[in-house]
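Right, one structure below, let's go through it.
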Amino acid sequence: MAVICKNRNGFTLIELLIVILIIGILFGLLTISIRFARENVKFARQKSDRQTIAAAIQAYRHEYGRWPCDEEAVYPVFAPTNNYEIIEYLQSYDQGKNEREVTFMNFDEYNRDGAGNLCNPWKAPYKITIDLSKDTVEVE
């Protein structure tokens with residue numbers, strides 16, 4: 001019986017399919033990890049924004065001796081439905097709200113919604129609560 005030897009110069013179809021399958025799995029894992037990394041960046045940005053807003057409100061209180069809200073604010077807790085009112089005090093150069101023209105915080109316009117509210121990375125407005133009786137600020 002004669003043995004026929006062939007010279008193999010290429011890959012078989014099975015080998016090519018296995019390589020393509022492995023590359024597809026690696027690509028899938030990479031896209032999942034990139035998506036999780038982007039979500040983590042959003043959470044980090046939200047945490048940073050919340051700390052910046054709270055620090056800016058405290059700095060305003062320290063600078064002017066009053067909270068950045070209307071004097072007719074409901075005592076003991078001031079929690080406006082939109083945060084535009086408070087942010088306006090912190091960024092505005094309006095003489096009635098920020099007499100010394102101090103910039104307490106500066107956020108780009110892409111962080112705002114159509115009503116001018118400062119928003120988190122998921123485009124939901126931050127909820128700012130100032131407890132006037134306890135001298136605390138909470139940003140959610």
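Looking across Ile18, Ile14, Ile23, one residue alone is assigned to a helix (DSSP H, G or I), exposed (fewer than 10 other Cβ atoms within 10 Å of the Cβ) and modelled with pLDDT of 90 or more. It is Ile14.
Beta carbons closer than 6 Å, at least 6 apart along the sequence or on distinct chains, pair a first residue in the stretch 36-55 that is surrounded by 11 or more Cβ atoms within 10 Å (Cβ to Cβ) with a second that is among the β-branched types (Val, Ile, Thr) for Arg50/Val139; Ile53/Val139; Ala54/Val137; Ala54/Val139.
The values are calculated or read from the model by the stated rules, or taken from the named source; none is laboratory data. This is a predicted model, so every value here is computed, not measured. Note that each Cβ is placed from the backbone with ideal geometry, even for glycine, and that neighbours are counted across all protein chains shown.
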